[in-house]
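**Student:** Structure provided below as C-alpha cells; questions to follow.
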Amino acid sequence: MKQGDSQSGQGPQIRTKGPENNGQPPAKATAPSPWIVRFAPLVRSGGSVLDLACGSGRHSRLFLDLGHPVLAVDRDVSRFKGPDQQANLEILACDLETGGVPAFLNRRFDAIVVTNYLYRPLLPSIAAALAPGALLLYETFARGNEKFGRPSNPDFLLEPGELLTCFGGGLRVLAYEDLEVSAPKPAAVQRICARRD
C-alpha cells in the first residue's frame, strides 16, 4: 500500500464527511452505488480512476475488479477495506480541505468518482483533473436531505441544480438526477455523469 502525507494549512470547512457526523459517511454502504455501477462501463478500458474521499473503498474495489488502476484518496485511509497490496492500487492519505489544491489533482484521470462528499472549493480542480474523454461520476446529498437526518446542515447539501451549474458548462452531461432515494437509506441526492470532450 502506498500512502502519502496529508497537506497542511487552512481552508473553508464545507463537507459531508465532517463534524456533523464525526468524520464518517452518513450511510454505512458497503456495496457500490448503483449510479456508479451503471456508468462504470463507460470509463476507457484500463483508464486511471481517482476515487476521491474513498471511505471504505467500495468504488475503488469496483474499478479494480474492472481492470482499472485506482488512486484512492481519503483523510482517513484506515477505513479502506479490501486488498491494499495490489500493483494497480495507490492509497493516499490526504486532508482534502487544508493546504489548497492537493498535488494529486494536477494529474489527469480517465475517471473521477466522488460519492457522499462535498467540498465546494475543490469542484473546479476536480473538473480540471479530467483527461480528454474522461468521465466524472458524482453523487452526494442535496437540499431536502434534512428531513431524512444527516447531513442536514445546508453547507453540506447541494443546492437545486448545483452539479449541473458546476460541471454542465465545461463537460458534456450524459445523465443527471435530483431526487429522493430509499436505499441504502432514505436520502435526497443529486448525481451526475459527465464527460470531458
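The values are calculated or read from the model by the stated rules, or taken from the named source; none is laboratory data. Everything numeric in this text was worked out from a predicted model, so none of it was measured. Positions of Cβ are generated from backbone atoms using ideal geometry, with glycine treated the same way; all protein chains shown enter the neighbour counts. With ligands, DNA and RNA removed, areas are computed over all heavy atoms of the protein, side chains included. Shrake-Rupley method; radii C 1.70, N 1.55, O 1.52, S 1.80 Å.
**Student:** Sort out which residues of the range 153-164 are assigned to a helix (DSSP H, G or I) and at pLDDT 95 or above, and write them in order of number.
**Tutor:** Initial filter on the range 153-164 (assigned to a helix (DSSP H, G or I)): 154-156, 162-164.
Glu162, Leu163, Leu164, listed by residue number.
**Student:** Hey, among the residues in the range 77-119 that are exposed (fewer than 14 other Cβ atoms within 10 Å of the Cβ) and of a type in the set (D, E, K, R), which one's farthest from Ile36 (Cα to Cα)?
**Tutor:** Among those that are exposed (fewer than 14 other Cβ atoms within 10 Å of the Cβ) and of a type in the set (D, E, K, R), it is Arg107.
**Student:** Between a first residue in the range 146-160 that is among the acidic types (Asp, Glu) and a second residue that is open to solvent by 70 Å² or more (accessible area, probe 1.4 Å), which pairs have beta carbons less than 6 Å apart while being 6 or more apart in sequence or on different chains?
**Tutor:** Matching pairs, first to second residue: Glu159/Arg143.
**Student:** Answer with yes or no whether Ile126 is among the β-branched types (Val, Ile, Thr) and either at pLDDT below 95 or under 15 Å from His59 (Cα atoms) (or both).
**Tutor:** On the way: among the β-branched types (Val, Ile, Thr): yes; either at pLDDT below 95 or under 15 Å from His59 (Cα atoms) (or both): no.
In short, no.
**Student:** Give the number of residues within the range 159-183 that are surrounded by 14 or more Cβ atoms within 10 Å (Cβ to Cβ) and either under 23 Å from Thr30 (Cα atoms) or of a type in the set (Ser, Thr, Tyr) (or both).
**Tutor:** 4
**Student:** Might you check whether a residue that is over 19 Å from Gly55 (Cα atoms) and within 13 Å of the chain's Cα centre (by Cα) occurs anywhere in the range 171-181?
**Tutor:** Of all residues in the range 171-181, those over 19 Å from Gly55 (Cα atoms) come to 171-181.
Next, only the ones that are within 13 Å of the chain's Cα centre (by Cα) stay: none.
Looking for residues that are over 19 Å from Gly55 (Cα atoms) and within 13 Å of the chain's Cα centre (by Cα), one finds none in the range 171-181, hence no.
**Student:** Of everything in the range 40-57, what is surrounded by fewer than 20 Cβ atoms within 10 Å (Cβ to Cβ) and at negative phi? Give them in sequence order. Before the answer, list the steps.
**Tutor:** First, pick out the residues of the range 40-57 that are surrounded by fewer than 20 Cβ atoms within 10 Å (Cβ to Cβ): 41-42, 44-47, 56.
Correct list: Pro41, Leu42, Arg44, Ser45, Gly47, Ser56.
**Student:** Shifting gears a bit: Return only the number of the condition from (1) farther than 28 Å from Glu162 by Cα; (2) surrounded by fewer than 16 Cβ atoms within 10 Å (Cβ to Cβ); (3) touching a Gly at 6+ places or on another chain (Cβ under 8 Å) that Asp65 does not satisfy.
**Tutor:** Every listed condition holds for Asp65 apart from (3).
**Student:** Continuing with this model, one more query. Within the range 38-48, identify whether any single residue is closer than 15 Å to Phe167 by Cβ and outside any strand (DSSP E or B), and answer yes or no. Can you show your working first?
**Tutor:** Looking only at the range 38-48, we keep the residues that are closer than 15 Å to Phe167 by Cβ, and these are 39.
With the extra rule that they be outside any strand (DSSP E or B), the set shrinks to 39.
Yes; the residues of the range 38-48 include at least one that is closer than 15 Å to Phe167 by Cβ and outside any strand (DSSP E or B).
**Student:** Tell me which of these Tyr117 doesn't satisfy, since it passes every other one: (1) in contact (Cβ under 8 Å) with a residue 40 or more places away in the chain; (2) more than 25 Å from Pro184 (Cβ to Cβ).
**Tutor:** The single condition Tyr117 does not satisfy is (2).
**Student:** Let me ask something additional. Where residues in the range 184-195 are under 18 Å from the mean Cα position of the chain (by Cα) and over 16 Å from Leu130 (Cβ atoms), which of them is surrounded by the fewest Cβ atoms within 10 Å (Cβ to Cβ)?
**Tutor:** Residues of the range 184-195 under 18 Å from the mean Cα position of the chain (by Cα): 184, 187-195.
Adding the requirement that they be over 16 Å from Leu130 (Cβ atoms) leaves 184, 187-191.
Working: Pro184: 14, Ala187: 23, Ala188: 18, Val189: 22, Gln190: 24, Arg191: 25.
Going through the qualifying residues, I end up with Pro184.
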